[in-house]
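Working notes, beginning with the structure itself.
No lab work stands behind these numbers, since they all come straight from the coordinates. Source: prediction; values computed, not measured. Cβ sites come from the backbone with ideal geometry, for glycine too, and all protein chains shown count toward neighbours.
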Amino acid sequence: MQVSLTQMISDAKNSIIGFKKILWLLGRHAFWAIIVLVVLEVAFGAFLFYNNAYLALQNKPEIDISNFKFKEHVYKSILNQWEIRQQQLDEFIQEDYISPF
């Protein structure tokens, strides 16, 4: 079924007129519209908080620590690298440079 161009234009005009009526209704009753929007926003915020914060705290996952192992050699190599960097920084700070001015 094909819709003619005039029918599409008529439908668009009717939808624009309906939208304008809704906007005028909201404008006339702005206080109540704002109250309704604030209540909806608070309800949506409560819903998000419940789903993302409250339920996450209630359902804490259990962590299996049997697979974790402290690797002493990795720890010592990191400490060694830090010590080397600290020595290089100290050497850089201690050098006296000639002022170019």
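Between the beta carbons of M8 and A46, assuming R0 = 41 Å, the FRET efficiency works out to 0.45 to the nearest 0.05.
Each Lys and Arg Cβ is given +1 and each Asp and Glu Cβ -1; about its Cα centre, the chain then shows a dipole of about 1080 debye. Here each label is just a point 7 Å from Cα along the line to Cβ, and for I65 and F19 those points are 6.0 nm apart. Each 5 Å bin from zero holds the following percent of Cα-Cα pairs in the chain: 2, 8, 6, 6, 6, 6, 6, 6, 7, 6, 5, 5, 6, 7, 8, 6, 2, 1.
Highest mean first, the peptides 60-66, 11-17 sorted by other C-beta atoms within 10 Å per residue fall in the order 11-17, 60-66.
Within the stretch 43-58, which residues have the backbone N less than 15 Å from the label spot 7 Å out from H29 along Cα→beta-carbon, could you tell me? Those under the cut-off are none; the list is empty.
Taking trypsin sites (Lys or Arg not before Pro) across the stretch 52-101, the ones in a DSSP loop with at most 15 further Cβ atoms lying within 10 angstrom of their Cβ are K69, K71. 3J(HN,Hα) along the stretch 8-21, derived from phi through the Karplus expression 6.51 cos²θ - 1.76 cosθ + 1.60 where θ = phi - 60°, amounts to 5, 5, 5, 5, 5, 4, 5, 5, 5, 5, x, 5, 5, 5 Hz, with x in place of Gly and Pro.
Once the chain from D90 to L55 is taken as fully extended at 0.36 nm per residue, the excess over their C-alpha distance is 7.5 nm.
When the helices of the chain are scored as -39500 (n - 2.57) per DSSP H run of n ≥ 4 and the total is divided over every residue, the value at 222 nm lands at -23500 deg cm²/dmol.
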